[in-house]
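Taken together, the values in this text are just the output of simple stated rules run on the coordinates, not laboratory data. Just so it is clear, the structure is predicted and the values come from calculations on it, not from any experiment. Note that we place each Cβ from the backbone using ideal geometry, even for glycine, and neighbour counts take in every protein chain shown.
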There are 2 protein chains.
Amino acid sequence: MTDGALRGPVHVVGSGLLGTSVGLACRRAGIDVLLSDRSSEHVRTASGLGAGRPYDAQDAPTVQLVVVAVPPDHLGAEVLAALSSGNAVVTDVGSIKGQPLAEVRAAGADLRRYVGSHPMAGSERSGPLAASALLFEGRPWAVSPHEDADPAAVALVTALVEVCGGVPVTLAPDQHDLAVARTSHLPHLMASLVAGRLANAPGEHLALSGQGVRDVTRVAAGDPALWEQIITANAGAVLALLDEVQERLTSLRHAVAGGERADLAALLGEGVTGTRAIPGKHGGPVRPTASVYVAVPDHPGELARLFADAGEIGVNIEDIHIDHDPGRPVGQVELLVDVDRAATLADALEERGWALHQ
Amino acid sequence: MTDGALRGPVHVVGSGLLGTSVGLACRRAGIDVLLSDRSSEHVRTASGLGAGRPYDAQDAPTVQLVVVAVPPDHLGAEVLAALSSGNAVVTDVGSIKGQPLAEVRAAGADLRRYVGSHPMAGSERSGPLAASALLFEGRPWAVSPHEDADPAAVALVTALVEVCGGVPVTLAPDQHDLAVARTSHLPHLMASLVAGRLANAPGEHLALSGQGVRDVTRVAAGDPALWEQIITANAGAVLALLDEVQERLTSLRHAVAGGERADLAALLGEGVTGTRAIPGKHGGPVRPTASVYVAVPDHPGELARLFADAGEIGVNIEDIHIDHDPGRPVGQVELLVDVDRAATLADALEERGWALHQ
């Protein structure tokens, strides 16, 4: 069927953010890309951006790989259509993997040529204009072979991930769905519940909002129409976690109501352990970082000056937080750096006249 | 009793992060500061840093303001001790305001001289070595007068906030506690519940962790011993919110289990509304921002070059996120800027050779 090398043409079904980005990445690698979408305007826009050329039904026999990039509700139908329209290998880039597979299996299609996948990228923006060949650069991209998949088809989908700059993470469909329920869907729902409690809060209460509540609730700003489909399609795995949370929430409520401090501390300690389980940058264990806090006047140029100085000092900055301050012209910037380099950075910044905390 | 102007001496009870920072800020303003702590080493460290001089009982009659900066469990007792040791105005900087007030009231102390307060700063680090005169710069700082407080005492505590560079937010003690239950304590507990679900997750599942779960769970890394005291001291307000969450969680569970998509969408929409209710930088309404995504090689100097360019372009950066990528030498930096300035920044960065998404 294929030797696993991606030569194209690649047919992208759905020329939104993800599909157009896949097209751009493949074109960058010199691979022929054919674009389709329910919206002919999306196809025009995507091809205008250089993501490929419009698909024509006559192209079907030549296609090596079909990439289905449509919303969760339509994945199964589009994967089926792709499998029946030619002999190409078919993948999809949807947020859930079990449901489309079940739909394809139920329809009796040739499953050997279908291998689902899921790049961990791009969910907050939408449309072809938001696309980029770099969208997947360095991101985990799940490749989810089922038991009937042809190894060559798995190799071809893995080759697509590599052409796009993603980092392949092989996970069976059911394992993938359990993983994203835990690392994405549950966090999203809990963020929504916390954010929902702010919706009608008095302004004078919200005036005490700090960076913590902003971080906890940020993802809850995502598109409800998309997330409704994602959660619904992964209902089983999400429900199991909601049950776990409900049970722990009941324990928490009892601990707080009864002043059972040891129980409360145990729950909080479980959270600390959980934060440490998240893998670090570069996929390795979390490197211990330390924070250097700098007071930065809130106008253009000051951050530049700070980073120019940090660059000259030669300490790599792992992450940054800028504090949102009410009513003051000085912001606080938190620079996270390797714990062994924090003192060097702090001393050198102070020598250069920066006001540091700590 | 006082004309509301802060002249000192200020007696800081508890020379940890907050107390020592108050001392440093007051000393910066030329105000005499007296330091005490259960740990004489903390006092030595804090005075060595220039936060004040060690307190002696003979100083008591001269003190103008006592600032109690001890953990929640000890607030009431230390405020009482301060009220009975002289005629100074007394405040505290604890995370909850109702419980210490109730303890002081129950003991029959002179309440006119006590006005609690709470700076929204510094909860993740601890000890005098982490202190800074800039810790409170631009941060909201709740001033919580009760009905029996002397207006001059309120004015003096407000003056302390201003000397420390904080932004006073006046809220009655019960209102304060309701506010932080919603904007701090509930988000912390929900983050702990989400993080707790990661504690024993398989590594291959955690490999799909993105920025979303990192943001949702970040605060859950906070010190359980401190948070246990905070939650316990604000049990009433926290329980009311836990009940709200439990009710919504039950609705959510029903919606997911029953495929009630309209209900699920409504819950997700409530979350979107909540994220928009959080006040923006400078305390005003949230200015709409847009994101510019830039691919940045992951080594020292590149961020500096990016910010130098952004500075020269003259667009103020409101916030930054750096993506934690597994296994790749290129990171993705998200620059949040005023929505009207995003295109300018993006075009100018591209002209300077940066690889942008979108």
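The distance from the alpha carbon centre of segment B:235-251 to that of segment A:1-24 is 47 Å, rounded to a whole number.
In order along segment B:347-352, the phi-based Karplus estimate (6.51 cos²θ - 1.76 cosθ + 1.60, θ = phi - 60°) of 3J(HN,Hα) comes to 4, 5, 5, 4, 4, 8 Hz; Gly and Pro are listed as x. The C-alpha atoms of segment B:10-171 occupy a region whose extents along the principal axes are 38, 35, 28 Å, arranged from largest to smallest. Modelled spin labels at B:ASP340 and A:ALA106, positioned 7 Å past Cα toward Cβ, are 5.2 nm from each other. Distances between copies at B:ALA240, taken between label points 7 Å from Cα along the C-beta direction, are 3.8 nm in increasing order. Under a no-solvent Debye model with one identical scatterer per Cα of segment B:126-197, what's log10 I(q)/I(0) at q = 0.18, 0.25, 0.26, 0.28 Å⁻¹? These q points yield log10 I(q)/I(0) values of -0.88, -1.08, -1.09, -1.12. In the protein assembly as shown, Rg over Rh equals 1.02, where Rg is the alpha-carbon radius of gyration and Rh the Kirkwood radius from pairwise Cα distances. When A:ASP73, B:ASP340, A:ASP3, A:ASP37 are arranged by Cβ crowding within 10 Å, least crowded first, meaning fewest neighbours, the order is A:ASP3, B:ASP340, A:ASP73, A:ASP37. Each other copy places its own label point for A:ALA225 at 5.2 nm from this one, sorted shortest first, where the point lies 7 Å along the Cα-to-beta carbon line. Measuring label to label, 7 Å along Cα→Cβ, what does B:ALA199 give against each other copy in nm, shortest first? Distances between equivalent label points, in nm: 3.2. Remark: relative contact order (chain A) = 13 percent; criterion is Cα-Cα distance under 8 angstrom and separation of 6 or more residues. Two numbers describe the Cα atoms of chain A: Rg and Dmax, which are 23.9, 71 Å.
Database remark: amide H of B:ARG53 closer than 5 angstrom to the amide H of B:VAL33, B:LEU34, B:LEU35 (H placed geometrically; neighbours at sequence offset of 5 or more, or on other chains; Pro and chain starts carry no H).
Taking every alpha-carbon pair within segment B:177-277, the share separated by more than 16 Å comes to 67 percent. Take every Cα pair under 8 Å whose residues are at least 6 apart in sequence, average their separation, divide by the length of segment B:7-59, and the relative contact order is 37 percent. The mean sequence separation of alpha-carbon pairs under 8 Å and at least six residues apart, normalised by the residue count of segment A:177-277, gives a relative contact order of 33 percent. On the basis of the beta-carbon distance and an R0 of 45 Å, B:GLU204 and A:GLU350 show a calculated FRET efficiency of 0.55. In chain B, the longest principal axis of the Cα atoms and the axis of helix B:151-163 are about 50 degrees apart.
Each residue of segment B:226-231 is assigned a 3J(HN,Hα), and the resulting list reads 6, 5, 4, 5, 4, 5 Hz, derived from the Karplus form 6.51 cos²θ - 1.76 cosθ + 1.60 (θ = phi - 60°), x at Gly and Pro. Averaging Cα coordinates gives a centre for segment B:92-122 and one for segment B:167-201; these two points are 19 Å apart. Per-residue shielding of A:309-320, expressed as the average number of other chain Cβ atoms within 10 Å of the residue Cβ, stands at 5.
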